[in-house]
Amino acid sequence: MAASKRRKHEKKICIEHCPDGAIVLEGLHGTFDDPIVVTREGDSIITLPKEDADKYFNTIALKRQEAGYFPSVGQVADDAALILRNCQFVLIEKLVFEDCWPTALYLDECQNIVVKDCCFRRATIAIGANGGNTRDLLIENCTFFQTDPGEMWNEITWESIHGSFSAGPYSVDVKDGRHALDGDFFRAWDIAGNVTLRGNTIRDAFNGIHFFNRVDRLEVCEPAKAPRYNTDRKSANTVLIENNLFERVRDNCIEPEDHAWNWVVRGNRFADCYAPYSFEFERGGWFYIYDNHHWLINKPGSGTRDSGSGFKTKGSQRNDGDFYVFNNSWLFKNGERTFRKQKLARLKHHNNAIKDLAKAGRFFGSHSLKHTPGDDVLEAEEKRFTRRWREFQIEMNGDWIWDGRTIDTYRDVGYEFGPETQNRDPGFRKPTGKGHLKSLEPGSRTREAGAPWTMYHPGFTEASTSKNPDHPKLYVLEVKGGGQVGAGLPEEQREQIDEFLSFVPAPPLKP
């Protein structure tokens, strides 16, 4: 049965090959126990081709630039092959999207949606989610690629996709630009939250997971215990990103913009990605990033922007919650930077394992060791990570950093590492295994070398208002010393941490 432009209330909708325009499903209402299922008929493929797509999107980008804006193309993302609007309790499974420009699947003001076992081949955006009432989404076991293997990484320049006068400067080239690729696997605009992305494979794409938050504008002085702190945090909160594979992502893998709260990022693999994390915040917090494996062995082979990093940080960073980065492993081959510049306020960096085979000593950026008392601090921080750790409540302890510099060398110029940070080789030289199980296997010396530290739950602030002194204790985890350094946490320790982070989203449909 071919899907019509609009259908309501069927328990199962099978979509046949539909190349003639968007399919719109509006007002579908299943239940938690009995969702409406949207799947495909036989080997059908959903497409939304654009004639001369590159020229079409380059022209959009140019007009944006000429109007004085950044030359993006995401503002036309609601032109999608499959649109769900005002739907609840829907399972979308086993669909195949191919050549959908700009967007394959678009969720508009929807709740309790599962997208599972779908394949997205060539699109600006695989899945777009929009609307302040959009929440409770699960994206699981899907695949996405924008180009043939290695093409974007080795042949297409970064600036031809995302270049602008402010980032280069590069003007939009209508003839040879590639702005059609300036998209993401999952992009959200001002959605309420409760989103899980699990077990997906994102390869040969420009970006991975990208949240925009244009509605949260808390005053800097607004205390976390004030009523408005609850009512005015409307978007990009409570997100779980786990067990995904990111491979040859040319820009950013995980990018929440401006404001975001309560994110857990765990168990992912980042294979030859330019910048796994982009944290350019005005205000945010309560991030827990752990047990992830990152390696950058083969640098991009075309154009500029070929020296990757771990974290891209920027913004005023008036964060009211901590950013916990612990028990992660990093392997760089070409002197890439872990923190390349500026700051990430309230960063708590513990028991991570970092190794640079080039021993370039660039953990904190290309100018990390330059130290002149008369330097303008803000200007200096454009080329190195901040040393103002006390001001921004930054802590680093228990990490093993093997990058050609001693820890004391960094301390001498003002980086106040904790006493258990070590200049030791974590033992891995290359990733081993395959696919989602590929990992950086640490040496035996890392197994019982971790430093003790303390982690707080997002619920701690609210619990601390209780008259019962035992309530806040429920939201504090004391991590004992002698545990793992780097990723690959023992099962018991991993389970303890997973259980502590009890705020992660519940399943949107009955499992």
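Can you give me the Rg/Rh ratio for the chain, using Cα atoms for both radii and the Kirkwood formula for Rh? My calculation puts Rg/Rh at 0.97.
Legend: distances between Cα atoms for LYS94/LYS510; LYS333/LYS480; LYS116/LYS510; LYS63/LYS299; LYS50/LYS312; LYS370/LYS430; pairs beyond 23 Å are LYS333/LYS480; LYS63/LYS299; LYS50/LYS312; LYS370/LYS430. Using the average count of surrounding beta-carbon atoms within 10 Å as a protection proxy, the listed peptides 78-86, 385-393, 432-440, 319-327 rank, highest first, as 319-327, 78-86, 385-393, 432-440. Note on LYS12 and GLU478: their simple-model spin labels are 5.5 nm apart, each label 7 Å out from Cα toward Cβ. Dividing the convex hull volume of the alpha-carbon atoms in the stretch 453-511 by its residue count gives 131 Å³ per residue. Taking Cβ atoms as reference points and 14 Å as the exclusive limit, the residues near VAL485 contribute a net charge of -1, counting Lys and Arg as +1 and Asp and Glu as -1.
Based on the Stokes-Einstein relation at 37 °C and a viscosity of 0.692 mPa s, and on the Kirkwood radius from alpha carbon pairs, the stretch 21-65 is assigned a translational diffusion coefficient of 226 µm²/s.
Considering only the Cα atoms of the stretch 335-472, their convex hull presents on average a projected area of 11.3 nm². Between ASP117 and ASN86, the simple spin-label model (points 7 angstrom out along Cα→Cβ) gives 3.2 nm.
With the highest mean first, a sort of the peptides 253-262, 332-341 on other beta-carbon atoms found within 10 angstrom per residue produces 253-262, 332-341. When a/c is below 1.5 the answer is rounded, else prolate if a/b is larger than b/c, else oblate, so apply that to the stretch 274-390 with a ≥ b ≥ c taken from the square roots of the Cα gyration tensor eigenvalues. Judged from the Cα gyration tensor, the stretch 274-390 comes out oblate (a/c at least 1.5, b/c at or above a/b).
Charge dipole of the stretch 273-356 (Cα centre as origin; +1 on each Lys and Arg Cβ, -1 on each Asp and Glu Cβ, all else neutral): 280 debye, rounded to the nearest 20. Overall, the chain carries a charge dipole of about 680 debye about its Cα centre when +1 sits on the Cβ of Lys and Arg and -1 on the Cβ of Asp and Glu, all other atoms neutral.
What is the gain in length, in nm to one decimal, between LYS467 and GLU391 on full extension, counting 0.36 nm per residue of separation less the C-alpha to C-alpha distance? Result for the pair: 24.3 nm of gain on full extension. Beyond 21 Å, the tail of the calculated P(r) for the stretch 50-164 holds 44 percent of the Cα pairs.
Could you calculate the FRET efficiency of ASP52 with PHE165 from 1/(1 + (r/R0)^6), where r is the beta carbon distance between them and R0 is 22 Å, rounded to 0.05? The formula returns an efficiency of 0.35 here. When the chain is described by a simple charge dipole with +1 on each Lys and Arg Cβ and -1 on each Asp and Glu Cβ, the residue from TYR277, GLY183, THR201 located farthest towards its positive end is TYR277. A cut-off under 11 angstrom between Cβ atoms defines the neighbours of PHE460, and their net charge, with Lys, Arg +1 and Asp, Glu -1, is -1. With respect to the chain, whose longest principal axis is taken over its alpha-carbon atoms, helix 53-66 is tilted by about 60°. Report, to the nearest 10°, how far helix 491-500 tilts away from the longest principal axis of the Cα atoms in the chain, using its own Cα long axis and a range of 0 to 90°. Orientation of helix 491-500: about 70 degrees from the principal axis. Taking a ≥ b ≥ c as the square roots of the eigenvalues of the Cα gyration tensor, an a/c ratio of 1.5 or more together with a/b no larger than b/c marks the stretch 298-338 as oblate.
Amide H contacts of VAL115 (H built 1.01 Å from N, in plane; Pro and chain starts excluded): ILE92, LEU138, ILE139, GLU140 sit under 5 Å, all sequence-distant by 5 or more or on other chains.
Take every DSSP beta bridge whose two residues both sit in the chain; close to 5 percent of them are antiparallel. What does the charge add up to near LYS314, with Lys and Arg as +1, Asp and Glu as -1, over the other residues with Cβ less than 9 Å from its Cβ? After counting each charged neighbour, the total is +2. Divided by 2.2 N^0.38 Å, where N counts the residues, the Cα radius of gyration of the stretch 97-213 comes to 1.11. Shape class of the stretch 261-309 from the alpha-carbon gyration tensor: oblate, with a/c at 1.5 or above and b/c at least as large as a/b.
Stretching the chain fully between LYS234 and ASP408 yields a gain of 58.3 nm (0.36 nm per residue, less the alpha carbon separation). As a length-normalised measure over Cα pairs under 8 Å and 6 or more apart, the relative contact order of the chain settles at 10 percent. Shape analysis of the stretch 402-511 yields a ratio of the Cα radius of gyration to the Kirkwood radius, Rg/Rh, of 1.07.
Summarising the label geometry, the points placed 7 Å from Cα in the beta-carbon direction at GLU448 and ARG214 lie 5.6 nm from one another.
Here, each number is a calculation from the coordinates, and none is a lab measurement. It should be emphasised that the depicted structure is a prediction, and the values quoted were computed from it without experimental measurement. Cβ coordinates were reconstructed from backbone atoms using ideal geometry, including for glycine residues, and neighbour counts include every protein chain displayed.
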